[in-house]
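Below: one structure, written as C-alpha cells.
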Amino acid sequence: MRSIAILNQKGGVGKTTTAVNLSVGLARKGRRVVLIDMDAQAHATLHFGLNPAELGQSVYDLLMPAERPSAPAQWPAVETPPALKPAPWPMIRSGDDPLWLVPSGIDLAGAEVQLAGMVGREVLLRDRLEAQGESGFQLPDGHTADYLIIDCPPSLGLLTLNALAAVREVFIAVQPHFLALQGLSQLLETVSLVRRRINSDLKVTGVLICMRDTTSSLGKEVEQELETYFDGRAASEAFSDARLFRTRIRRNIKLAECPSYGRHIFDYAPTSHGAEDYAALTAEILGELTVDSIEQTNEDVEQMKKYRCEACGYIYDPEVGDPDADVVPGTAFEALPGEWVCPECGAEKDQFELIEA
C-alpha cells in the first residue's frame, strides 16, 4: 500500500482540495483508496456532503478509542447524499467508487491537549494502522487498500506528527508565492527531523503547485526557484527524491465552489480546468502521463492568458469568452476571429496587451 500525507503548515494552499480530488481520481482509476481527515476543521469530510457533528465516529476515536463508549450497532440517520454509504468501521464509502473516508470532527481540536501526557502519542495513528495486520489495510468490502491518503491540518503539531509517523511519503502543496518558499524550508526541516527520530521510511516525494495564475510573472519566478532548489538538493536528506510535479493546478473558481455543494470536482464540474488538472495529476502519479500530454497541457495553459484593452481597460478572459459575439469559453485571445473588437469600446485586437500581473 502506498501511504501519502498531503502537507503544508500554511492554510489555504490547496491541501484538502488536493487530498479529496486526488483520492477520487485514484479511485476512478480502479485503485482502492482510504482518505483520512486529520484536520479538526473537517473540510475533507464536508467536501463529501457530511455534517461532522452528526457522525457517530471519527478519526478522534482512532486516536483515543477509550474516550467514548463503544460504537452504536447502527450509524445514526444523517442527511447525506444518497451516494454515501456508512461502513461498520469509522469509514464512509463514497458512492460506487472504491474510496473510503475516515471523517473528522470538532472533538479532534482538543486531542492534542488530551494526548499531551500520553507515552507514544506521536505514533498512535501508526499503531492503529499496524493493527490492521501484515496483509494490509483491510477494507469493509474484504479487499486491501492500494492508497492511504491523509489530509493534514495546517500546523506542525501532534496531529501532523501522527500523520508523518504513519506514512512513507509526503506531498507538499504550495502556492507560487514568495512566502511559500520561506515556509517550505521549515517544512522540509520538520520532515527530516521526523525521519531521523520517528519514521526512517519517510520521504518527501512530490511538491505540487496549486492555485497557479497563468498571467502572473511572479508565479513563474517562484516555480523557477522551486525547480532550482530541488535540482540542487542534498542526496542524504529526506527530500532527496523530491520533485516538482509537472502537473500544475490552475486557479479555478469551480474548485472553490464544489465543497459548498458537498461534491468533488469530478462530479461538480467534470469539464472544468480543475477536473482536468487533477485528472492529469492522478495520471502523473500512476505513471500514465506522457511527455506529449504534459507539453500539450503547458501549451493550453499559455493560451489561456488574459488581455486588457488599452483604450477602455476591458479584460478578455479566455475562460469566459465573449457570449455576445458567439465566442465560446476556452477560446484563446490569439484564436479570436479577425473582425472581433472590444465589446466595451470597439477597439481592435491590436489595441490589447497581455496582462503580466
>> Whether any residue in the range 342-350 is open to solvent by less than 70 Å² (accessible area, probe 1.4 Å), touching a strand residue (DSSP E or B) at 6+ places or on another chain (Cβ under 8 Å), modelled with pLDDT of 90 or more and assigned to a strand (DSSP E or B) is what I want to check.
In response: no
> In the range 177-207, which residues are in a strand (DSSP E or B) and either open to solvent by 10 Å² or more (accessible area, probe 1.4 Å) or out of contact with any helix residue (DSSP H, G or I) (no Cβ under 6 Å at 6 or more places or on another chain) (or both)?
Replying inline: Lys203, Thr205, Gly206, Val207
>> Can you find, within the range 246-270, the residue that is most open to solvent (accessible area, probe 1.4 Å) among those that are basic (Lys, Arg) and farther than 17 Å from Met304 by Cβ?
In response: Arg246
>> Taking the condition of being open to solvent by 30 Å² or more (accessible area, probe 1.4 Å) and hydrophobic (A, V, I, L, M, F, W, C), how many residues in the range 109-128 meet it?
In response: 5
> Has the range 129-145 got at least one residue that is open to solvent by less than 40 Å² (accessible area, probe 1.4 Å), within 26 Å of Ile285 (Cβ to Cβ) and part of a helix (DSSP H, G or I)?
Replying inline: yes
> Are there any pairs with C-beta distances below 6 angstrom linking a residue in the range 179-196 that is within 18 Å of Cys152 (Cα to Cα) and in contact (Cβ under 8 Å) with a residue 24 or more places away in the chain to a residue that is basic (Lys, Arg) and open to solvent by 50 Å² or more (accessible area, probe 1.4 Å), with the two at least 6 apart or on different chains, and if so which?
Replying inline: Gly183/Lys10
> Of Val170, Val174, which residue is surrounded by 22 or more Cβ atoms within 10 Å (Cβ to Cβ) and under 25 Å from Asp127 (Cβ atoms)?
Replying inline: Val170
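The values are calculated or read from the model by the stated rules, or taken from the named source; none is laboratory data. From a predicted model like this one, the values you see are computed outputs, not experimental measurements. Methodologically, a virtual Cβ is constructed for each residue, glycine included, from the backbone with ideal geometry; neighbour enumeration extends over all protein chains shown. Remember, those area values only see protein heavy atoms, side chains included, never the ligands or the DNA or RNA. Shrake-Rupley method; radii C 1.70, N 1.55, O 1.52, S 1.80 Å.
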